[in-house]
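Enquirer: Attaching a single structure in structure tokens format; questions to follow.
Every number in this text was worked out from the coordinates using simple rules, so none of it is lab data. Because the structure is a prediction, the values reported are computed rather than measured. Note that each Cβ is placed from the backbone with ideal geometry, even for glycine, and that neighbours are counted across all protein chains shown.
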Amino acid sequence: QVRLVESGGGSVQAGGSLRLSCSASGRTVTMGWFRQAPGKEREFVASIVWNGSTNIADSVKGRFTISRDNTKNTVYLQMNSLKPEDTAVYYCAADLRPYDGYLATVQGEYDYWGQGTQVTVSS
């Protein structure tokens, strides 16, 4: 069992930056970020494997960066040039299955989830 706790959400004006953190209670293989806006389905944002390989959604590529500190079992999501359409609840997720070269982008592939943190971007 792995517990995930997100932090770092908040309100910011368009063009601003936020950094989300997600701390895991134990070691993980793949960690990902998803987001869900009101009235919309949860969508993939980014994922990272223990070796540093990453996968970033096209909608945030060039603006968001995912990183991790394996010594702290923590993953980060640096969000720059934020837009109002980035407003959502952001969820951290973890997958413990061995990495086989494929970075999971579907929420069903993750076994553990955090409680979510709200990000609000105003225009």
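Enquirer: What distance in nm separates the simple spin-label points at residue 97 and residue 67, each placed 7 Å from Cα in the Cβ direction?
Expert: 2.9 nm
Enquirer: Calculate the radius of gyration of the Cα atoms of segment 39-123 to one decimal place, then report Dmax, the largest Cα-Cα distance, as a whole number, both in Å.
Expert: 13.1, 42
Enquirer: May I ask you to list the residues of segment 77-111 whose amide nitrogen lies under 12 Å from a point 7 Å from Cα along the Cα→beta-carbon direction of residue 41?
Expert: Answer for this model: 106-108.
Enquirer: Taking R0 as 35 Å, what's the FRET efficiency between residue 27 and residue 122 from their Cβ-Cβ distance, rounded to 0.05?
Expert: Values: r = 38 Å, r/R0 = 1.08.
Calculated value: 0.40.
Enquirer: Among 14-22, 75-83, how do they line up by average Cβ neighbours within 10 Å per residue, starting with the highest?
Expert: Details: 14-22: 16.9, 75-83: 19.7.
Per-residue mean Cβ counts within 10 Å order the peptides as 75-83, 14-22.
Enquirer: For segment 1-86, what is Rg from Cα atoms divided by 2.2 N^0.38 Å, rounded to two decimals?
Expert: Values: Rg = 12.9 Å, N = 86, 2.2 N^0.38 = 12.0 Å.
Working it through for segment 1-86, the quotient is 1.08.
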